[in-house]
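Here is the structure we will look at.
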Amino acid sequence: MKKGLAINVLLCLIVLAPAFSADTAEKLGDNPDGSRATPLHLIPLLAEPLTGKEPDQIHPGDEPVLPFSMKQTCGACHSYDIIGAGWHFNAADPNVDPGRKGQPWILADAAAATQIPLSYRPWPGTFRPEQLGVTPMKFLELFGRQMPGGGIGEMLHKTDNPEEILRLNITGQLEINCQACHDTSPGLDMGSAAGYAWQIIRGNYRWAATASCDFAYVTGTTQGLPEYYDYMAPFISENTKLRPPAVEYSKSAFGHNDWVRFDISRDIPRQRCYFCHSNADIHKGQIEQWKADEDIHIKAGLTCVDCHTHGLEHNITRGYAWESCDSNNPLVPVSSCEGCHLGEGSSKPVRGRFAAPVPKHAGIPPVHFDKLSCTACHSGAWPAASTIHTKTSRAHAIGVAGANPSPDVLPHLSYPVFARQRDGKLAPHKIFWPAYWAEMTGDTVTPLNMDIVKDATSKVITRDALSKVGDWPDLTQHDIAKILSLLAPNMSEGARLVYIGGGKLYSLDEAGKLASARSEWAAPYMWPIAHDVRPAAQSLGVRNCQDCHTTDSPFLFGLVSVDSPLKTAAGTSVEMVKFEDLPRFYTKAFAWSFIFRPWLKVVAILSSFVIAGVLLLYTLRALWFVTKVVVGKD
Amino acid sequence: MFRTVAITGFVAVIAAIVLHFVISRPKFDDVFGKDRALRILDPLRLLVLFVTLLFVEQKWSLVGALRKLVFLLALLCFVILAVTGFVPRVVIGEAISGWWLFIHAIAAGIFAACLAILAVLWADENRLDKNYWPWLNRILNRQPKSETPPEKYEIKLKICFWLILALSLPVILSAILSMFPLFGTHWQENLLLIHRYSTLFLSLFAIAYLYLAAISEIEKTTAK
């Protein structure tokens with residue numbers, strides 16, 4: 001008996017050993033041999049395997065034609081789990097250092113008078129999606145369009161919602177789409193109506209990566225499909241309107257052994273990054289990208305990945321000054337502004353990477369570098385009298401077919417706002433003013449579940465009140481009071497209902513009247529920006545000190561518009577000095593003093609000439625005397 | 001480093017002044033008279049005397065009035081510059097900024113102009129034209145032109161004057177040149193260093209000059 005048990009255990013170990021070793025074994029692509037040439041990726045397409053089975057190769061004549069799995073196809077040679085722990089995929093990992101705060105996902109719903117920052121990373125000022133009742137699947141519905149997959153996309157099973165658990169069988173998980181970055185084919189489809197983003201919007205997570213490839217086309221949707229739908233089996237239904245996802249591969253893509261060639265590169269073209277990381281400034285109500293210059297580094301010939309780089313672990317460098325405290329990427333010290341342009345290595349010079357010019361900063365007192373980040377003078381739009389409205393890919397779905405092109409669509413972002421970042425230096429930030437419904441217990445504000453909010457707001461904010469372009473609805477204080485009253489039954493014990501918006505906190509007083517107050521919870525959400533970097537000849541201070549040091553300087557006294565859902569509060573603004581935490585009177589006085597700076601220079605130089613003249617005169621007299629003594633004529 | 005040097009310098013100069021005063025101080029009876037009341041106030045009387053001695057003798061002419069006015073203005077600016085320049089850096093341990101910098105910049109221009117005027121007005125009477133170093137004349141086998149012996153602190157005062165003038169050039173130029181787009185960050189830091197150290201030595205010589213001028217006047221008064 002014991003002998004039989006021992007033999008069984010041994011057999012289990014022998015059978016399971018390859019499985020254990022497969023997870024930890026180094027794969028072919030994990031350690032490149034050092035060649036800068038890109039290996040040819042002529043590889044089989046592998047489908048998502050059934051539990052416990054090996055993945056099947058996809059052939060063009062298969063029935064049904066399955067989407068290929070990135071995890072299996074790319075994962076055959078590259079350790080998917082190591083890659084999956086990288087920065088683009090690890091937002092939901094609580095063990096990852098969140099680093100410097102960045103752009104959050106913004107849940108914007110005009111009908112609910114809401115624009116609220118969400119993030120799985122614990123960035124101050126953001127809320128976790130589940131606080132608003134946003135499950136991982138709902139999160140993907142809202143934002144998956146411009147997510148590279150993996151991360152929360154493979155955590156869809158972590159939900160208490162039984163409907164979503166069942167739906168997961170239909171949609172599949174959203175695996176990492178390696179092609180989103182690494183495919184250099186001009187036919188990569190991320191944003192078109194049949195591309196990656198729209199597959200995610202339709203709930204076709206399993207098919208999304210396939211749809212992005214230029215040799216595949218995906219039609220149909222998982223929305224409305226019954227629970228018994230099996231993507232591996234033919235779908236039969238009486239409802240002829242249902243069209244499950246279907247893949248069509250280009251037959252010419254399959255070559256020898258039905259392998260497919262992928263145009264893969266480590267040197268990722270900037271268009272790949274731009275799909276998720278584009279900015280569009282709005283000038284006079286219009287967005288015209290041809291009028292805006294790209295980042296100077298791009299124009300100089302660099303790619304995004306020259307600076308934002310990583311190895312197999314995909315722990316990308318973000319490029320901020322103190323990133324070494326948050327990341328163990330060995331290239332972090334030489335991948336920031338200072339690292340490339342000013343870095344001083346201990347054993348060898350490190351500045352000048354990629355021919356980065358070493359700036360002289362002639363005429364700029366060194367105290368500026370203690371108080372200002374590099375981006376303060378070099379990044380973003382040239383400061384104007386008031387902040388510039390802007391749209392971004394992730395906030396406004398720009399680059400995705402059918403995205404609202406209106407410059408007024410929510411969320412309302414603006415920039416540059418100069419404020420202190422974590423290292424105490426002033427840096428340009430993007431800003432938006434959160435607006436949301438919440439309950440307040442003591443000093444803590446907790447946003448309400450969006451379903452509850454929408455239920456209440458739909459009774460007050462009618463269709464007629466909604467903006468045709470996605471802007472704020474026509475909202476009055478009376479409307480806010482009414483909605484708060486409707487939300488009252490949902491209030492927790494000991495809490496009071498509030499509405500945060502336009503920098504203020506609104507609540508009903510004991511008499512039932514709406515009162516507003518300032519609150520730290522109503523503070524705007526800001527995140528530092530670094531792009532687009534302007535050329536050196538367009539940096540602040542390049543002309544003279546008065547680029548910043550004048551009494552009407554946008555850098556110090558520009559107006560930051562306060563975005564409020566309330567029409568009555570529209571048009572308000574805050575002076576930049578408030579965000580910079582500078583005393584207004586002193587800053588004005590110091591700026592005013594620069595009027596007299598040329599006089600100071602003239603007086604000082606003339607005085608120096610006079611003093612030098614006196615010294616020279618009497619030194620020459622002394623020299624004359626000495627010569628006389630030496631020659632004996634004295 | 002600068003903080004240490006500055007503190008050492010000020011302590012050394014003040015200690016030297018105090019030591020010199022203790023050793024060679026004129027008797028209070030000679031200075032204030034034997035019939036003075038409340039002798040316990042003698043230190044206060046001495047302080048007031050020092051201050052009044054800073055109000056240099058005024059000659060009844062436009063140039064005389066200008067001399068006194070410019071000197072007092074320079075003295076006031078020197079105090080302001082010293083306080084606004086050294087207190088943040090040496091006492092608080094921070095770079096000069098905010099209102100300290102604002103006031104420092106205002107006083108700086110006025111001080112530079114006053115120094116230039118004083119240089120023109122006082123250069124001639126600070127010439128080294130007497131038999132200051134008899135030993136040197138012996139070595140050079142030279143007969144001095146004037147047999148008038150120098151006053152007790154005259155040579156020290158004149159040397160301090162010329163050192164103050166000479167140091168004022170790097171003080172002014174290091175600050176002003178940094179305002180032009182001529183020097184990059186490395187040399188901006190060097191200019192700041194030059195400004196700090198030349199200002200420190202100028203301040204020390206100025207303190208010494210003021211003390212020597214005051215003690216010289218006191219001794220002249222008691223000698224009478």
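Considering only alpha-carbon pairs that sit under 8 angstrom and 6 or more positions apart, the relative contact order computed for segment B:104-199 is 24 percent.
In percent, what relative contact order does chain B have, based on Cα pairs under 8 Å that are 6 or more apart in sequence? Display every interim value, and only then the final one.
Values: 150 pairs, mean separation 53.6, N = 224.
Result for chain B is 24 percent.
For residue B:27, the lysines whose Cα falls under 25 Å of its own Cα, not counting residues fewer than eight places away in the same chain, are B:152, B:156, B:220, B:224.
Seen from all directions on average, chain B presents a Cα convex hull projection of 17.0 nm². Volume per residue of the convex hull around the Cα atoms, evaluated for segment A:234-383, comes out as 280 Å³.
Using the Cβ atoms and a cut-off under 15 Å, what net charge is assigned to the surroundings of residue B:110, where Lys and Arg are +1 and Asp and Glu are -1?
Working: positive: A:597, A:601; negative: none.
Residues near residue B:110 contribute +2 overall.
Is the C-alpha gyration tensor of chain A telling us rounded, prolate or oblate? Criteria: a/c under 1.5 is rounded; beyond that, a/b larger than b/c is prolate, otherwise oblate. Present the calculation step by step, with values, prior to reporting the outcome.
Working: a/c = 2.39, a/b = 1.44, b/c = 1.66.
It is oblate, given that a/c is not under 1.5 and a/b is not larger than b/c.
For residue A:429, the residues whose modelled amide H falls within less than 5 Å of its own, excluding neighbours fewer than 5 places apart on the same chain, are A:417, A:418, A:419, A:529. Return the inverse of the average 1/r over all pairs of distinct C-alpha atoms in segment A:156-258, which is the Kirkwood hydrodynamic radius, in Å to one decimal. One over the average 1/r among Cα pairs gives 14.7 Å for segment A:156-258. The string of couplings for segment A:515-529 from the Karplus curve (6.51, -1.76, 1.60, θ = phi - 60°) is 10, 10, 8, 6, 7, 5, 6, 8, 5, x, 8, 10, 9, x, 10 Hz, one whole number per residue in order, with x for Gly and Pro. Put in line by how crowded their Cβ is, counting other Cβ atoms within 10 Å and starting with the fewest, B:91, A:453, B:22 read B:22, B:91, A:453. Within straight-line reach of residue A:391, meaning a Cα separation under 15 Å, sit the following aspartates and glutamates at least 8 residues removed in sequence or on another chain: A:281, A:288, A:408, A:471, A:532, A:563. The ranking of B:216, A:414 by Cβ neighbour count inside 10 Å, starting from the fewest, reads B:216, A:414.
Short-range pairs are left out: with C-alpha atoms under 8 Å and at least six residues apart, the relative contact order of segment A:459-608 is 17 percent.
Rounded, prolate or oblate: which one fits segment A:395-500, using the alpha carbon gyration tensor with axes a ≥ b ≥ c (rounded when a/c is under 1.5, else prolate when a/b beats b/c, else oblate)? Oblate, since a/c reaches 1.5 and b/c is not below a/b. Binning the alpha carbon pair distances of segment A:114-204 at 5 angstrom intervals from zero yields the distribution 3, 13, 22, 22, 18, 13, 7, 2, 0, expressed in whole percent. Within a straight-line Cα-Cα reach of under 20 Å, residue A:482 can be paired with the following lysines, leaving aside sequence neighbours fewer than 8 residues apart in one chain: A:454, A:459, A:504, A:513, A:567. Which of rounded, prolate, oblate describes segment A:220-291, given a ≥ b ≥ c as roots of the alpha-carbon gyration tensor eigenvalues and a/c under 1.5 marking rounded, otherwise prolate only if a/b is larger than b/c? Oblate, since a/c reaches 1.5 and b/c is not below a/b.
Residue order for B:73, A:372, fewest other beta carbons within 10 angstrom first, comes to B:73, A:372.
Bear in mind these aren't lab numbers, they're just calculated from the coordinates by the rules spelled out. Remember, predicted model here, so these are calculated numbers, not experimental data. In this analysis, Cβ positions are derived from the backbone assuming ideal geometry, glycine residues included, and neighbour counts consider all displayed protein chains.
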